[in-house]
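> Supplied in structure tokens, the structure appears directly below.
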Amino acid sequence: MEMVKEYVAHLDNKKRITLRGAVYQYYIVKEHKNGCILLEPRELTAPKSISAKTLSEMDEAIKNFNNGNVSSVIDLSDF
């Protein structure tokens with residue numbers, strides 16, 4: 001693995017460390033018994049879309065609701 005940067009970092013008073021020029025906002029930190037610490041970038045992304053199957057099941061549920069095809073009333077007074 002090619003080294004891109006090397007610098008000395010230290011912990012601040014709150015036991016935090018700062019990464020200079022960090023490309024990502026989130027990292028997965030892996031600490032090994034030998035003292036090595038590995039940072040792997042973590043990209044948080046929103047789901048791309050709702051699947052076609054899920055959309056069809058939602059449409060079917062609404063159709064049943066509108067037609068009155070629903071379960072009996074559930075008593076939630078105990079909660």
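> What do you reckon, is Asp12 assigned to a loop (DSSP other than H, G, I, E, B), open to solvent by less than 100 Å² (accessible area, probe 1.4 Å), on the phi < 0 side of the Ramachandran plot and not hydroxyl-bearing (Ser, Thr, Tyr)? Lay out the reasoning, then the answer.
On the way: assigned to a loop (DSSP other than H, G, I, E, B): yes; open to solvent by less than 100 Å² (accessible area, probe 1.4 Å): yes; on the phi < 0 side of the Ramachandran plot: yes; not hydroxyl-bearing (Ser, Thr, Tyr): yes.
In short, yes.
> Pairs under 6 Å by beta carbon, first residue under 18 Å from Met1 (Cα atoms) in the range 26-44, partner surrounded by 10 or more Cβ atoms within 10 Å (Cβ to Cβ) and basic (Lys, Arg), six or more apart or different chains?
Partner pairs satisfying both residue conditions: Leu38/Lys30.
> Can I ask one more? Could you count how many residues in the range 39-79 are among the hydroxyl-bearing types (Ser, Thr, Tyr), open to solvent by less than 100 Å² (accessible area, probe 1.4 Å) and within 30 Å of Tyr24 (Cα to Cα)?
Initially, the range 39-79 is screened for residues among the hydroxyl-bearing types (Ser, Thr, Tyr), giving 45, 49, 51, 54, 56, 71-72, 77.
Now restrict to residues that are open to solvent by less than 100 Å² (accessible area, probe 1.4 Å): 49, 51, 54, 56, 71-72, 77.
Okay, now just the ones that are also within 30 Å of Tyr24 (Cα to Cα), so 49, 51.
Result for the range 39-79: 2.
The values are calculated or read from the model by the stated rules, or taken from the named source; none is laboratory data. Please read all numbers here as calculations on a predicted model, not as lab measurements. With ideal geometry, Cβ positions are generated from the backbone for all residues, glycine too; neighbour counts draw on all protein chains shown. With ligands, DNA and RNA removed, areas are computed over all heavy atoms of the protein, side chains included. Shrake-Rupley method; radii C 1.70, N 1.55, O 1.52, S 1.80 Å.
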